[in-house]
Amino acid sequence: MNIAPVLKWLFVMAMAPALWAQTVTATRFSVLNEPKYAEGFTHFDYVNPRAPKGGSITLAATGTYDNFHAYALRGHRPGGTEYLYDSLMTGSEDEIGVYYPLIAEKIEYPDDLSSIIVTINPKARDQGGQPITAEDAAFSFRLLDTKGVPQFHLYYGGIEAVVLDEHRVRFIMPGAEEGESDGSTETEADIQNRRAANLDMILGMLSMPIFPKRFWVDAAGNELHNFSEPLLEPPLGTGPYRIDKYVMGQQLTLSRVKDYWAADLPSRAGYYNIDEITYDYYRDEGVAFEAFKAGEYDIRVENSARRWAEDYTGKIFDSGRVVRREIPHEIPQGMQGLVFNTQRPPFTDRRVREALSYFLDFEWMNKNLFYNQYTRTRSFFQNTEYAARGLPDSLEIAVLEPVRDAVPPEVFTTEFRLPVNSGSGDIRDSARKAVALLKEAGWELKRGRMIDSGGAQMSFELLINDVSSERIAIPVQRNMAKYGIEMRIRMVDDSQYINRVRNRDFDMLSWVMSASEYPSPDLMILWHSEHVNNTWNVAGVMDDAVDYLTESIARYQGDKAALVTIGRALDRVLTWNYYVIPQWHIAKYRIAHTDKFGFPAERPTYGLGTDTWWVKPPAVEALGRVAP
C-alpha cells in the first residue's frame, strides 16, 4: 500500500542532503537527532567515573526460574541475565535512538544503508579472557536467526553476515545486491523506503547480544549446547557480570567481572560499580515486601500505591536504615491494561470491547485504592510528542486516507476520551452507554444476565499472575456482574502464565506493554498481522489499517517529522479499536533502599540509574551523597 504523497515529500526533503554523500565511517549512530556526546567524550553526564568499586547488593524477584538462557524458546529465566552479554554498540540513558561504541569501535555504511561493516575493538574480551572476534558477531546473528525466537527471524531474516577478517564483519541487508544492480530504475521514494527498512535492521545488528561462539559449538562446529532449549548451567558471557552462585529457582548471585575489558570505555565508565548482585526469589509480592521490611534485600521500587501509603512503617524505617524517596520524572510510559484476545469471541467485536471499557471506574479506584497517585493512561505513546492530541490534522488525515474504510470513523470526528466517573462508585451513566453498545452488538440484559441471541450469558476469564492484579481486577468484576457479565479471575503461577500467553490460551490478560519512546519498527511485532501467531502481538490484532501504519513507521525511520504524524495516526487507530482497557501510570519513582548507596549528582533522563550507584566505603562516606 502506498504512503501518502505528502509524507513522501516530507521524507525526501529531510533526507535529500544525504543522497549524494559517500560511505560514512563513524563511532556514533543516531536514528533521529544529533548525538549529545561529541567524538572523544570520556563518560556520560549522569555517571560518576570515579565511583568506588566493591560491596554487594541483594534484590528481590518473585516466582521462580528454571533456565539460565534468556533466549531459549521455553523456560523462565532468572533476574540479571541482561548483564551477561554486551552488544556491538549501546545507547545512553539521556538520549533516544543514539548508539555509542561497546564491542564495536567503529562502523562503516553507505548512504542507502544496504550494508554495514562493524569493526570489533581489538581489546574486546569474553568473560574467559579470550578475544571477541568478528566470527563471534556473525555467529551470534546466525544463532539468533536460526534458533532464536521466531520473531527475530521474521524481522531480520535475509540479512547475510560475512566475516571480512578477525575484527571486521559485514552485515548485508536483504535485497542489497538487487538494489545496487538495478539502482537506475529506482525512484527516490523507493530508495528512501529501502533505506528506512535497512535502518531498523542495522539497529537490530548493533543492539543484539554477542555470544562467545566457543561456548555453543566446538572447533569442528559440533553443537555443545542447544540454543533453543533451556540452559541448566551458567553460560559464558561477554558482559560485565557472570553467574557465580545459585540455588536453582530460589537464588542467584552475579559477580562483577573484575578484569572487564570495557570498564573504562566512555559508554561504560561509571557503570557496574557493585561487586555482587544477588536475587532472592519470593512466592509473591506480599511475601517479598515483608522480607524487605525484615531487611533481607536492599532496593525496592514500589508499584502498589496502597502499600506505599500505608505499609512503609516500622523500626527499619524509623531507624533511618531504609530511605524512602519519590523521584519525579517525565519518562515515556508503557500501556498497562486489560488486553483482549481479539481472536476469541465476543472480543472479535469492537463494540463489545468498547462497552467493557466502561466498567473500569478509574476515578473510584484512584481515590479508594491508589490514594489519588495515578493518572489515567490514554495513549500508546504516553508522555511523548507522538501521543495523539485533539482531532487529526491535515497530515494525519492524508496518512489515513488510503485506509479510511478500515479505520473506526470516530478517528476523524471525535477526540478519544476514556470514560470519566464521579469517584463515588456510581457508574450508571457509563453503564448505560455500555449496555447500549452491547445491545447494538446483539446482546441483551435479561433477568440480570447479559445474553446473546441464543440465550448464553457473556462469560470470560481474566488471566493474572499476582495478587496485586487480583486486587485491581475485583472492582471491574463487580461492576460487570451488576449488568449480568461474568468475568472470572484466574490466577496462575509465572510458568503457567507465560505458557498460556505464548499459546494465546486466554480470553483477557493483565499485561504491560513496554513504553515506546518513539515509533519504531518494533511496533510491527506488537501489532502487525504478520506476527499474530507470535507472543508479542498479545491482542491477536489482524487489521489492515494497523498493518499499513506500522509498515509506514518502519519505512520512515530516520524522519522525525513523518514519525510524529504517523505515530499519532497509529495512536488514534489503536485507541479507537479498544484492543486494551487502559489502566494508569505514575510520573514518579517510588523507591525505598538501604542507606548504603552513593549516587551520581545527575540522574539519567530516561531511567532511575541504579546501574551507576555504588556502595559507600567508610572512607568516602564522609563526602556525603547527592540524592538521585
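What the table below lists for this structure:
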| read-out | value |
| --- | --- |
| Within segment 294-331, considering residues that are of a type in the set (K, R) and more than 30 Å from the chain's Cα centre (by Cα), the one surrounded by the fewest Cβ atoms within 10 Å (Cβ to Cβ) | K315 |
| All positions within segment 378-399 that are out of contact with any His (no Cβ under 9 Å at 6 or more places or on another chain) and of a type in the set (S, T, N, Q) | S379, T384, S394 |
| Filter result for S228 (among the small types (G, A, S), buried (at least 17 other Cβ atoms within 10 Å of the Cβ) and in contact (Cβ under 8 Å) with a residue 40 or more places away in the chain) | no |
| Given (1) among the basic types (K, R); (2) closer than 24 Å to D547 by Cβ; (3) not in a loop (DSSP other than H, G, I, E, B), index of the condition R378 fails | (3) |
| Test: residue in segment 363-373 that is in a helix (DSSP H, G or I) and within 30 Å of G609 (Cα to Cα) | yes |
| Single unsatisfied condition, Y246 versus (1) assigned to a loop (DSSP other than H, G, I, E, B); (2) aromatic (F, W, Y); (3) over 30 Å from W584 (Cβ atoms) | (1) |
| The listed residue being polar (S, T, N, Q), over 30 Å from V411 (Cβ atoms) and in contact with a Lys or Arg (Cβ under 9 Å, 6 or more places away or on another chain), out of Q343, Q251 | Q251 |
| From A61, A51, residue being more than 19 Å from Y260 (Cα to Cα) and of a type in the set (G, A, S) | A61 |
| V546, sole failed condition from (1) in contact with a strand residue (DSSP E or B) (Cβ under 7 Å, 6 or more places away or on another chain); (2) assigned to a helix (DSSP H, G or I) | (1) |
| Cβ pairs under 8 Å, 6+ apart, first in segment 385-411 and more than 18 Å from V541 (Cβ to Cβ), second of a type in the set (D, E) and crowded, with 19+ Cβ neighbours inside 10 Å | Y386/D571; A387/D571 |
| Condition met for E223 (surrounded by fewer than 18 Cβ atoms within 10 Å (Cβ to Cβ) and modelled with pLDDT of 95 or more) | yes |
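The values are calculated or read from the model by the stated rules, or taken from the named source; none is laboratory data. Computed from a prediction, not measured in an experiment: that's the story for all the values here. All Cβ positions, glycine included, derive from the backbone under ideal geometry; neighbour counts span all protein chains shown.
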